[in-house]
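Structure record follows, encoded as C-alpha cells.
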Amino acid sequence: MRYKVRTERKLSDILDNKNAKEEFLNKKYMMHKYWGKKPAKELRKIIKEYSKEGDLLLDPFSGYGSFASEAVLENRNVISNDLNPVSNFITECLLEENVDVDKLQSYYEIVLKKCQKIRKKLYEYNSEWEIISTLRDRKGYIKKIKLNKKNKKENKEINVNSREMVTLYEQERKIKISEWYPDIEMIENSRISVKKNTKITDFFNITSLKAHANLYSEIQKLPNSSEKKLLLLAFSSNLANCSKLVPPIKSRGEMSPGAWMTGFYIGSEYIENNVYHYFENRVKKIISGKKEFLNQYYNLFPKGKYKITNMDAKKLEFKDNTFDLVFTDFPYGDTVPYFEQSILWNAWLKYNVDYKNEIVISNSKMRNKTKEKFKEDIGKAIKEIHRVLKLGKKFIFTYHSLSGFEWLSITNALQLAGFEIIDCELLQQKTFTPRQLNRNKTIKGDLIVVCRKIKNKNLKKVENENGIYLKILNKIFEDKNKVYETNDIFVKFLKELFKTNIYLTNLNIISLLLENTQLTVNGWRKK
C-alpha cells in the first residue's frame, strides 16, 4: 500500500525531537567520522511524509549519505550527489548491498597478520605488553604510556622520566618508512589552524605515520572488492584518531582522549593512539554497521534504487521537473570548510578534489571563497534545485548557523528562485560540542526548513529593515518576564521573517538581541 502524503501537517507534528535524542543514529551511521549525520528516525519521517513509494528523490549535498540510505529502505529511488569525493566513497560503502561479512572479517585478519611484525616493532613493551596510547608534548616527547597486557583485559599507565623520554625519542627517529604515504601541502587557513607550508605529515609522529603507511600498503594488496573498500573506509576514519589532533580531557584523567572535531590545532599535549589497535575498533564498527544495513535491506521488499553522482550542485545534469522531493543539508558557510577538513581522508585515498567549485566561506586567502561568493554560489545551487524539482513539490533543507548574512543569502535565493517557505522547526542534536555547551549564544541543533516549488514571484524591497526586525522581536518577547533560549528565538524569528515575503539585505540576530534584550544565565529576556 502506498503511503498517503499529508501535505497540510505541520513540521512540528512530524518530527519528534524527544525521540530523536534517544534514537539519534543507527549503527550504520557510526561507520565513519564524517560530520553532519542526521537522525535516521527523523529522516524516515520526512521521506514518508513528503513523498510516496517509487518516487524519485535527490540530495545534492549528500555528505555521509544518510538520506539516501533511508530513502532506499523506504522504497524510494534516490540520487545521492556530492562534490567531495570522500563523501561519495562513504555513501558507496554505506549503500553497498553485495558485501560478504565473513570475507570482510577474513581480509581484516589477513591484513593484521601481515602487519604483525611492524606492529610488534612499533608498539611492543617488555614482551608482555602493548602500547595502546602515549601522552606526548608538542615536540613529540612521550610523557606517559598506557599499556594493555597481550591477550588479557588488563591495562596500566606508566609515567616516563626525562631519561626514558629522550631514549624513546631517539629510538623513534631511527624508524624508516619505505611504504607510500601522502606528503602534500595543505591549504593555509588560520581559521582551522593550518599555517603556511604545512604538510599532512606534520600531523603524525613517525611511529603513527609508519604504522598507517604499513597498514594502508597491506590493505591495497587485497583483491579489489566491496570488502576491501570497507577496510579502506575503516582506515580513513582511523587517521585523525591516531594523529596529533587528539587532545587529552584532563578532567577525566591524563590519558583520557578527547575527539577530533574540526580544525588542525595541536595542543601543548596530545594523545597518540596505537594505529593497529584503533583500526581493530573501527573495523568492528564497520562490520556492525554493515550487518545492520544488510539486515534492514534484505528484510524489506520492495526496495528503492540509488545512484551516486559527483556533480557541481550549481550545474546539475538533470532535466527540468525531474524529482518528487529534494532534501539536503546545505554547506555550513563559515562554520565548516568541508573540503579543507577532509584533506586527510582524500589525500590517503588518492582522490582529486574540486576545491574551485566548493560552496563555502573560507578564511584561506588562497581560495577567494568570500561571503559574497557564498551568496552567489548558494543562489545558483538553489536555482538548480528549483529547476529539477517538480512544480508543487517540496524542497526540505537543514542548516546550522548564527550568521544572519548566510540565512539571508539562502532565504532570499529561495524566494527569488520561486520557492514558498512554509515551515521550519529545530531538530535537536544528541550530543553537543564544548562550544555549544559553554555558550548561550549558539544553536543546539539544525533548523529544518520546508519549501514548496511555485511559479516565480516578485519580491518587495523595503527601506526600514531594522523596523521589521524589531517588530518581529517584540512579538517574540510579548511576555517581558519570560526567558527564551537561543534555539527558540531563532525558530520563532525565522518563521516570522519567512511570512514577510520581502527581499532583505542585512541581518544579525545576535547583535539585534544584544542591543534590545538581556542575556542571562538561563537565556534571553526583555530589558
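So what does Ile454 come to for accessible area, using a 1.4 Å probe and Å² rounded to 10? For Ile454, the solvent-accessible surface is approximately 50 Å². Remark: the Cα gyration tensor places the range 113-233 in the oblate category, a/c being 1.5 or greater and a/b not exceeding b/c.
Here the relative contact order of the chain, from alpha carbon pairs under 8 Å that lie six or more residues apart, stands at 16 percent.
Seen against the Cα atoms of the chain and their longest principal axis, helix 85-95 is set at about 90 degrees. Using DSSP, restrict attention to beta bridges with both residues in the chain and report what percent are antiparallel, rounded to the nearest 5. That works out to approximately 70 percent antiparallel. Which shape class, rounded, prolate or oblate, goes with the range 349-435 when its Cα gyration tensor gives a ≥ b ≥ c as root eigenvalues, a/c under 1.5 marks rounded, and past that a/b bigger than b/c marks prolate? Cα axes put the range 349-435 in the oblate bin.
If only the Cβ of Lys and Arg carry +1 and only the Cβ of Asp and Glu carry -1, the dipole of the chain around its Cα centre is close to 440 debye. Distance between the C-alpha centres of the range 460-487 and the range 363-412: 24 Å, rounded to the whole angstrom.
Positive-end ranking of Val194, Tyr181, Ser208 along the dipole of the range 163-217, with charges on Cβ about the Cα centre, is headed by Val194. Shown are Glu74, Glu170, Glu478, whose ranking by accessible area with a 1.4 Å probe and every protein chain present, most to least, is Glu478, Glu170, Glu74.
Simple rule: put +1 on each Lys or Arg Cβ and -1 on each Asp or Glu Cβ in the chain, find the dipole, and look at Ala381, Ile14, Val360; the Cα lying farthest toward the positive end is Ile14.
Shown are Lys228, Lys139, Lys120, whose ranking by accessible area with a 1.4 Å probe and every protein chain present, most to least, is Lys139, Lys120, Lys228.
Magnitude of the charge dipole for the range 52-134, about its Cα centre and with charges confined to Cβ atoms of Lys, Arg (+1) and Asp, Glu (-1), is about 660 debye.
Reported to the nearest whole Å, the Cα centre-to-centre distance from the range 129-159 to the range 168-222 is 21. Surface composition of the range 98-244: carbon plus sulfur atoms contribute 44% of the solvent-accessible area (1.4 Å probe, protein chains only, all chains present).
Since only Asn148, Ile219, Leu168 are under comparison, the one whose Cα sits farthest along the positive direction of the charge dipole of the range 145-272, derived from C-beta charges on Lys, Arg, Asp and Glu, is Asn148.
Only protein heavy atoms count here; under a 1.4 Å probe, Ser133 has an accessible surface of about 10 Å². Each stretch of four or more DSSP H residues adds -39500 (n - 2.57); spread over every residue of the chain, this sum gives -12000 deg cm²/dmol at 222 nm.
The values are calculated or read from the model by the stated rules, or taken from the named source; none is laboratory data. These figures come from a predicted structure and were not determined experimentally. Glycine gets a Cβ as well: all are built from the backbone with ideal geometry, and neighbour counts include every protein chain shown. Just the protein is used for accessible areas: all its heavy atoms, side chains included, with ligands, DNA and RNA removed. Shrake-Rupley method; radii C 1.70, N 1.55, O 1.52, S 1.80 Å.
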